[in-house]
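Colleague: I have a structure I would like to understand better, so I am pasting it below and will then ask my questions one at a time.
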Number of protein chains: 6
Amino acid sequence: MSGVVVQNIERADRRVVGELAGFGVATVHEAQGRKGLLAPRLRPIFPGARIAGAAVTVSAPPGDNWMLHVAIELLQEGDILVLAPTSACEDGYFGDLLATSAMARGCRGLVIDAGVRDVRDLTQMGFPVWSKAISAQGTVKATLGSVNVPVVCGEALVRPGDVIVADDDGVCVVAREEAESVAVSARAREAAEEDKRKRLAAGELGLDIYKMRDRLKEMGLKYV
Amino acid sequence: MSGVVVQNIERADRRVVGELAGFGVATVHEAQGRKGLLAPRLRPIFPGARIAGAAVTVSAPPGDNWMLHVAIELLQEGDILVLAPTSACEDGYFGDLLATSAMARGCRGLVIDAGVRDVRDLTQMGFPVWSKAISAQGTVKATLGSVNVPVVCGEALVRPGDVIVADDDGVCVVAREEAESVAVSARAREAAEEDKRKRLAAGELGLDIYKMRDRLKEMGLKYV
Amino acid sequence: MSGVVVQNIERADRRVVGELAGFGVATVHEAQGRKGLLAPRLRPIFPGARIAGAAVTVSAPPGDNWMLHVAIELLQEGDILVLAPTSACEDGYFGDLLATSAMARGCRGLVIDAGVRDVRDLTQMGFPVWSKAISAQGTVKATLGSVNVPVVCGEALVRPGDVIVADDDGVCVVAREEAESVAVSARAREAAEEDKRKRLAAGELGLDIYKMRDRLKEMGLKYV
Amino acid sequence: MSGVVVQNIERADRRVVGELAGFGVATVHEAQGRKGLLAPRLRPIFPGARIAGAAVTVSAPPGDNWMLHVAIELLQEGDILVLAPTSACEDGYFGDLLATSAMARGCRGLVIDAGVRDVRDLTQMGFPVWSKAISAQGTVKATLGSVNVPVVCGEALVRPGDVIVADDDGVCVVAREEAESVAVSARAREAAEEDKRKRLAAGELGLDIYKMRDRLKEMGLKYV
Amino acid sequence: MSGVVVQNIERADRRVVGELAGFGVATVHEAQGRKGLLAPRLRPIFPGARIAGAAVTVSAPPGDNWMLHVAIELLQEGDILVLAPTSACEDGYFGDLLATSAMARGCRGLVIDAGVRDVRDLTQMGFPVWSKAISAQGTVKATLGSVNVPVVCGEALVRPGDVIVADDDGVCVVAREEAESVAVSARAREAAEEDKRKRLAAGELGLDIYKMRDRLKEMGLKYV
Amino acid sequence: MSGVVVQNIERADRRVVGELAGFGVATVHEAQGRKGLLAPRLRPIFPGARIAGAAVTVSAPPGDNWMLHVAIELLQEGDILVLAPTSACEDGYFGDLLATSAMARGCRGLVIDAGVRDVRDLTQMGFPVWSKAISAQGTVKATLGSVNVPVVCGEALVRPGDVIVADDDGVCVVAREEAESVAVSARAREAAEEDKRKRLAAGELGLDIYKMRDRLKEMGLKYV
């Protein structure tokens, strides 16, 4: 299956992608029925970034970042690079030179189930990365992988063009076809939360707001 | 054992709790004879917080945060929520809505041997959390646990009302009955350290201050 | 082998050490042929530090920091402490008192394949540490180890006097005898990177700059 | 997405499945281009089993095995249960009662990215399991999951009806549509290996059999 | 707290202990309400052992097994040694000499949240051990710990005299005071399971035996 | 540093190597002063093997086993292959074909800080392996490494020709120059242990045999 580069992929509507970025990962994940979350081992290299974009996917051999160069040519404004190694690896596949190149093509960030390096430079450049590790261990360019094929990254299936949402809570993938409807649910969810937030801040209890007392009693909860 | 909520617990004296917060985890841990430290996998979601308070404990099933709602009703000014899942879990049990509710009741923070989410919001709200993971993975409300029963959290026994001390070094539990005497020891310890800090800063060696040279020689240390 | 303290070690030239600090870990690691990187589990306790210095090595039993006191006496201006436990351990071997003492003797930082504590104080003091863990768990002073013997730290061999380079990407060791030639390579490497950075920022592709297209085709890469 | 049970799934040809079992995981994995391997954390509970069968997939909440009961009704002779929790969990979802039930319906084994229990009984019954953990921690039946939907198990995508091959080396998934062609490749591969095995056993070197010497020299390998 | 040896402890009734051994860990754990399971990282060094006995507990510093010698003197026929290090450690605290000594005093096995060595000898002697690791790394005898104090071992609280049950599924602790009632529940549970096992083996479904279909429908499960 | 093959290495005396095999890892490790143990993550793929031999070392890129073919040509009767990847990797570098080839040249086993596959075949062939993982994930042959250079394997330094001792307790390395003296110490140690074993089996206590009571009292141990 290696050695394939898919050049044209469909991307979700930009407006929807922008809206999903605003909701953040926790809300989007809930809004789509608690699916699509990448494993929590993927952590941001600096706090505060909150992005969304279309996935340009890379399947790469362990310790080999050749396909990143291939993928960068295919990037469009607003895309997010998503790299999954074909077996577990923490090497630093990506550093400031690749980030410079990716940013020049409009890339918004990188999600990588492996390592990244030059994190001081990446932080100064404001290029956000969610990675499994930080490691100065370089990679080679000797073996083919693939670009824009479906990958399993952080234990979630990511297809090229799917929407990636990432913030301090982690990374979530939304199927391209579902992006619109997830945004609708997220909007509704956020409106409902706003009301609850106020009531909770005023001292009302979740037990009452969500009417949990009867069900808890029925289940057998005993106060002593 | 599940399904029990203990409503009234004894708490340590507030003055003592406040003093323990000031000493910080490393000093308190030493002062009580190197016991009570929670496992170092519990890390703060943002740096700089240093708190102490009475533990309101929650024993919860994996992936189920129902009991947190029950626990919040029992919180008093200055308490700290302590959640231990009944088996290992990294799901995000707690987010900004629960934090809003807990803060409204005077809660000082959360110690959780599982995951937390909405960390950007929690950081902005200044609500400190020490957790095993950050994860947007939500939880359900389907199975009972217990509140204010003894729990093993981060591999340490925490009983309701025990004093929790937490800062950038981690989390320590002090038995309620021992809080006073631990504070006394910590005070003595800090005074002694202050003197040593000055001597060390002036270039004196620990080898001399602690009179280690003879014992090292006796043990057979060889300088070559 | 335990119980040996080597008092006099050779150190690399200060000018070279200073230059290596400026290049940072990723560049130095590449410049010496991708060897000498310590395991990525060693992470800085605060971001932004970038140091280099001669290694004063400590081999210590698990949970016993006695030898650190012995090592501090041997520190010279610009040295870096490197501690490897004789078996895996996450205890907090080092805190603000030891840091005060080490700084008084000109020490630039600590690399430790174990735990560290008082990280808030260390951060305020500006004393950088790269460690496997942060833990308030104290240590004893009961068993001998050795100072200034070769150690395996973070899965890399570090000999006393070798150059340690450390920054946000991790820690790298350079053999004392090779420091000069590694600096030469790193200088050349950085000059070359500067040119590439400009071309990439202008939108040129790595595929073209590194002339990869032919080789990729030859290897069988298929664009679809 | 939860709460869906797909009753009818297509399964690969039985003859092909049987042949794949005979080849074993390493050969099948190579024969399909090094894809489809489940993470090596999935280990057999006893050595020596080598099976293949059609996947009946289960997506289950952490600590909740309700859906296994639903899945068992859908099992056909020769099927293999594949369970992926919706977030990481090591609880014992499956024990001797469920195994009795599954065996009664012709199930050949279980692949589970979570825990299993009653392993002594399972071993005596000869019911093979590949799991992430062995744990007596029981589960509840409180929340819905889904059956026969695509799941990511052990970091690989498994669709209902895909062929699972499992032995002491681990677990591999073969897409149902590719099973036939993978079997053809595996057959060819094994024939070629048999010849090489004899030559290697006679003392011939891989360097010569695979004609590697020239390429190694060209790459710059130096014998000293 | 270190440096304390409690010489006389109460032990559960021998007959009850024997009965609990027969039920095994999974049944006992269920019978006492899913509490008391030690973390699944504690694995048997050889398969097939199934024991129960009174806990003689040891709290030991990392890398120091001195207290095991103290504890052995306190062993009575049928006891089980339970060792918890005061901070995480994988050193080999226990080998064939200590096992010889423990067996001479009637000890039935060891549960240790650390490492063990001489496993070939221990296997030949038939002395079962549940440990976190196997490691030849020896320990010292330099620092005090305690014997027969409550310990947290494998993330569960074990008090001296509590009943330890261990088999291939792991290790469970039963409070001494509850041993009798847990045995009663386990007996009832096993009887009920026997009946279900027969019905399941005959092809009846758990869905019907446990009458789950209505509740699943009510929860919204959809068959498609 | 990559790309170097050292053809001639010195090996320890065969008689001494044979004797070290007989002592086993725990005894050899103690006899040489508790140094040289490889990390306990290296586990045997089947129980019961106990070997010693001269190390033929391989430094290999992640996911690339090319250098194993180069190393096999250099094997002599009684050697043991030792492979360390240049960064962490669990791929299956070695399987039954390589084992066939290695055995044809007299190789006694493999120690690999990475993965191995075909473990059923290797077990049947009686070719022992100590590895970090079992994984069917194959490797490529695209990038050079080195053979017979010093490597850090399992966090210990192994130089070509050093003696490797391996059994169910793990793996230990003995410097070639020290093999003779370590054997002498191990012999003495075993003789002493034999006597102690008898006394302990007869019910004498370690507390008395090792005369620990006075020192324990002096340290402050309190019996209550």
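Colleague: So for segment B:52-64 (the condition being surrounded by fewer than 24 Cβ atoms within 10 Å (Cβ to Cβ) and modelled with pLDDT of 95 or more), does at least one residue qualify?
Modeller: No, segment B:52-64 contains no residue that is surrounded by fewer than 24 Cβ atoms within 10 Å (Cβ to Cβ) and modelled with pLDDT of 95 or more.
Colleague: Restricting to segment D:9-18, name every residue that is modelled with pLDDT under 95 and either crowded, with 16+ Cβ neighbours inside 10 Å or within 10 Å of residue D:160 (Cβ to Cβ) (or both).
Modeller: Result: D:12, single match.
Colleague: Considering every residue within segment D:3-15, establish whether at least one is of a type in the set (Lys, Arg) and assigned to a loop (DSSP other than H, G, I, E, B).
Modeller: Of segment D:3-15, the ones of a type in the set (Lys, Arg) are D:11, D:14-15.
Those left that are additionally assigned to a loop (DSSP other than H, G, I, E, B): D:11.
Taking every residue of segment D:3-15 in turn, at least one turns out to be of a type in the set (Lys, Arg) and assigned to a loop (DSSP other than H, G, I, E, B).
Colleague: Right, next: Give just the number: which of (1) more than 14 Å from chain C (Cβ to nearest Cβ); (2) in contact with a helix residue (DSSP H, G or I) (Cβ under 8 Å, 6 or more places away or on another chain) does residue E:66 not satisfy?
Modeller: (1)
Colleague: Shifting gears a bit: Give me the residue from segment D:28-47 that is over 21 Å from residue A:155 (Cβ atoms) and facing chain F (nearest Cβ under 9 Å) and, out of that set, most open to solvent (accessible area, probe 1.4 Å).
Modeller: The selected residue is D:47.
Colleague: Given A:122, A:83, which one is more than 9 Å from chain C (Cβ to nearest Cβ), open to solvent by less than 10 Å² (accessible area, probe 1.4 Å), of a type outside the set (Ser, Thr, Tyr) and under 14 Å from the mean Cα position of the chain (by Cα)?
Modeller: Numbers: A:122 fails: under 14 Å from the mean Cα position of the chain (by Cα).
None of the others qualify; the one that does is A:83.
Colleague: If only one of F:109, F:138, F:115 is modelled with pLDDT of 95 or more, within 11 Å of chain A (Cβ to nearest Cβ) and in contact with a strand residue (DSSP E or B) (Cβ under 7 Å, 6 or more places away or on another chain), which one is it?
Modeller: Working: F:109 fails: within 11 Å of chain A (Cβ to nearest Cβ); F:138 fails: modelled with pLDDT of 95 or more.
None of the other options fit; the residue is F:115.
Colleague: Here's another thing I want to ask about it. Being touching a residue at least 60 places away in the same chain (Cβ under 8 Å), surrounded by fewer than 24 Cβ atoms within 10 Å (Cβ to Cβ) and among the hydrophobic types (A, V, I, L, M, F, W, C) is the filter here, so list the residues in segment D:145-157 that pass it.
Modeller: D:149, D:152, D:156
Colleague: Residue D:99 - would you say it is of a type in the set (A, V, I, L, M, F, W, C), away from chain B (no Cβ under 14 Å), under 27 Å from residue D:13 (Cβ atoms) and open to solvent by less than 10 Å² (accessible area, probe 1.4 Å)? Write out each step before concluding.
Modeller: Details: of a type in the set (A, V, I, L, M, F, W, C): yes; away from chain B (no Cβ under 14 Å): yes; under 27 Å from residue D:13 (Cβ atoms): yes; open to solvent by less than 10 Å² (accessible area, probe 1.4 Å): yes.
It is true that residue D:99 is of a type in the set (A, V, I, L, M, F, W, C), away from chain B (no Cβ under 14 Å), under 27 Å from residue D:13 (Cβ atoms) and open to solvent by less than 10 Å² (accessible area, probe 1.4 Å).
Colleague: For residues that are polar (S, T, N, Q), more than 11 Å from residue A:40 (Cα to Cα) and touching a residue at least 24 places away in the same chain (Cβ under 8 Å), tally how many sit in segment B:114-136.
Modeller: Residues meeting the conditions: 2.
Colleague: From (1) within 14 Å of chain B (Cβ to nearest Cβ); (2) without any contact (Cβ under 8 Å) to a residue 40 or more places away in the chain, pick out the condition that doesn't hold for residue D:93.
Modeller: (2)
Colleague: Are any residues in segment E:141-155 more than 19 Å from the chain's Cα centre (by Cα) and away from chain C (no Cβ under 14 Å), and if so, which ones? Spell out how you get there, then give the answer.
Modeller: In the first step, residues of segment E:141-155 are kept if they are more than 19 Å from the chain's Cα centre (by Cα); the result is E:141-146.
Across segment E:141-155, the qualifying residue is only E:146.
Colleague: Also, quick follow-up: Just to be sure before I move on: is residue D:89 at pLDDT 95 or above and surrounded by 24 or more Cβ atoms within 10 Å (Cβ to Cβ) in the structure I sent?
Modeller: Here the answer is yes, as residue D:89 does meet what is asked.
Colleague: Let me ask something else. Return the residues of segment D:125-135 that are open to solvent by 20 Å² or more (accessible area, probe 1.4 Å) and within 14 Å of chain B (Cβ to nearest Cβ); say none if nothing qualifies. Show your work before the answer.
Modeller: Filtering segment D:125-135 down to residues open to solvent by 20 Å² or more (accessible area, probe 1.4 Å) leaves D:125-126, D:132, D:134.
The answer is D:132, D:134.
Colleague: Kindly indicate whether residue B:149 is modelled with pLDDT of 95 or more, within 25 Å of residue E:150 (Cα to Cα) and assigned to a strand (DSSP E or B).
Modeller: No: the conditions fail for residue B:149.
Colleague: Given the condition open to solvent by 60 Å² or more (accessible area, probe 1.4 Å), touching a Lys or Arg at 6+ places or on another chain (Cβ under 9 Å), in contact (Cβ under 8 Å) with a residue 24 or more places away in the chain and among the charged types (D, E, K, R), answer yes or no: does some residue in segment D:169-178 qualify? Outline the logic, then answer.
Modeller: Taking segment D:169-178 and keeping what is open to solvent by 60 Å² or more (accessible area, probe 1.4 Å), we get D:176-178.
With the extra rule that they be touching a Lys or Arg at 6+ places or on another chain (Cβ under 9 Å), the set shrinks to D:176.
Filter once more, so that each one left must be in contact (Cβ under 8 Å) with a residue 24 or more places away in the chain: D:176.
Those left that are additionally among the charged types (D, E, K, R): D:176.
Yes, there is a match, as at least one residue in segment D:169-178 is open to solvent by 60 Å² or more (accessible area, probe 1.4 Å), touching a Lys or Arg at 6+ places or on another chain (Cβ under 9 Å), in contact (Cβ under 8 Å) with a residue 24 or more places away in the chain and among the charged types (D, E, K, R).
Colleague: What are the residues in segment F:23-48 that are out of contact with any Gly (no Cβ under 7 Å at 6 or more places or on another chain) and either hydrophobic (A, V, I, L, M, F, W, C) or free of Cβ contacts under 8 Å to residues at least 12 places away in the same chain (or both), if any?
Modeller: F:23, F:28, F:31, F:33, F:35, F:45, F:46
The values are calculated or read from the model by the stated rules, or taken from the named source; none is laboratory data. Remember, it's a predicted structure, so these values are computed and weren't measured experimentally. So basically every Cβ, Gly included, is an ideal-geometry build from the backbone, and we count neighbours across all protein chains shown. Heavy atoms of the whole protein, side chains included, go into the accessibility calculation; ligands, DNA and RNA do not. Shrake-Rupley method; radii C 1.70, N 1.55, O 1.52, S 1.80 Å.
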